[in-house]
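The values are calculated or read from the model by the stated rules, or taken from the named source; none is laboratory data. Source: prediction; values computed, not measured. Quick reminder, even Gly has a Cβ in these numbers, built from the backbone with ideal geometry, and neighbours come from all protein chains shown. When the accessible area is computed, the model is the full protein with side chains, heavy atoms only, and any ligands, DNA or RNA have been set aside. Shrake-Rupley method; radii C 1.70, N 1.55, O 1.52, S 1.80 Å.
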Amino acid sequence: MNLVFLGPPGAGKGTQAKRLSQELGLLHISTGDLLREAVRNKTDLGLKAKEYMDRGELVPDDLIIAMIEEVLPEGGGVIFDGFPRTIAQARALDDLLQKKGLTLNAVIYFEVDDEKVVERLSGRRVCKTCGAVYHVKFNPPKEDEICDKCGSPLIQREDDKEEVVRNRLRVYRDQTAPLIDYYRQKSLLYTVDASKDIDQVYSSLREVIDAKERN
Ligand code: ADP
Ligand code: ADP
Ligand code: ZN
């Protein structure tokens, strides 16, 4: 099974992808996580991507597509989280999957309004070391500001600060939201109400996936 998770920043794609990938044994490919790792390691890609990420702009398509080609396993079995984000990326994904004899089974659209997105992004905290994601109100760590999994301090992502968030929402609307129609026309789009709490969203997601697996 190959899935795409689509939706605005802060919709909960990463949170749900982590859980679903573990339960189904799929590979979770988060382009945001891969890019942040590249930035940390100061690789060529990281050095090029950083300025875009800091501004909340999209990293150029050719860099993203090359990165995906590198990590996509031969046999598939992946959740793409935060990719594709442009029509050009979606076309490149179609080509890449076809070349490998793989198919895209479903695109899950995480629907949630801007107000919720801002609330979620402003309270998001991430572990400096292992990348685990928390929310000060909706998914707090057991001990304030400390990662449950590894004990490292939690930080706020620079691009989760208010000015950058507003730009990311604009970028989403202009460049990524058109993918909703792109995939609807291919009859691949499944909409999940992402405004509910984490467990409720997971149940709706499972319903879609379980129905898919049955046929
Ligand atoms: P979010 O949690 O807001 O969905 P991500 O962690 O997915 O954010 O992405 C963080 C940043 O990384 C984006 O603002 C963008 O600069 C870059 N990025 C991630 N995925 C892509 C992509 N598919 N295409 C272009 N840029 C991307
Ligand atoms: P995305 O990957 O789409 O950017 P995340 O999974 O990182 O989103 O979630 C954004 C923030 O919102 C995180 O702080 C996360 O803990 C929190 N969150 C995720 N899903 C929900 C939900 N259903 N209700 C409330 N908060 C959520
Ligand atoms: Zn941690």
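The calculated 222 nm mean residue ellipticity attributable to helices in the chain amounts to -14500 deg cm²/dmol, summing -39500 (n - 2.57) over DSSP H runs of n ≥ 4 and dividing by all residues. Multiplying the residue separation of K50 and A177 by 0.36 nm and subtracting their alpha-carbon distance yields 43.4 nm.
Basic side chains Lys and Arg get +1 at the Cβ, acidic Asp and Glu get -1 at the Cβ, and with that the dipole of the chain about its Cα centre reaches some 120 debye. As a calculated quantity, the FRET efficiency between L27 and I198 at R0 = 35 Å, using C-beta atoms, amounts to about 0.95.
With a ≥ b ≥ c taken as the square roots of the eigenvalues of the C-alpha gyration tensor of the chain, please select rounded if a/c is under 1.5 and otherwise prolate if a/b is larger than b/c or oblate if it is not? Write out the running numbers ahead of the final one.
Numbers: a/c = 1.42, a/b = 1.19, b/c = 1.19.
It is rounded, given that a/c, with a ≥ b ≥ c, falls under 1.5.
At 1.4 Å probe size, with the rest of the protein present, what percent of the exposed accessible area of the chain is carbon and sulfur atoms? Carbon and sulfur: 47 percent of the exposed surface of the chain. Approximating the spin labels as points 7 Å out from Cα along Cα→Cβ, the N167-to-E115 distance works out to 2.7 nm.
Here the range 23-128 is treated with +1 on each Lys and Arg Cβ and -1 on each Asp and Glu Cβ, and its dipole about the Cα centre works out to around 400 debye.
In the structure displayed, which of K50/K100; K50/K212; K100/K142 lie more than 32 Å apart, Cα to Cα? List each step's numbers first, then the result.
Values: K50/K100 30 Å; K50/K212 38 Å; K100/K142 43 Å.
Listed pairs above 32 Å: K50/K212; K100/K142.
Where both bridge residues fall in the chain, DSSP classifies roughly 30% of the beta bridges as antiparallel.
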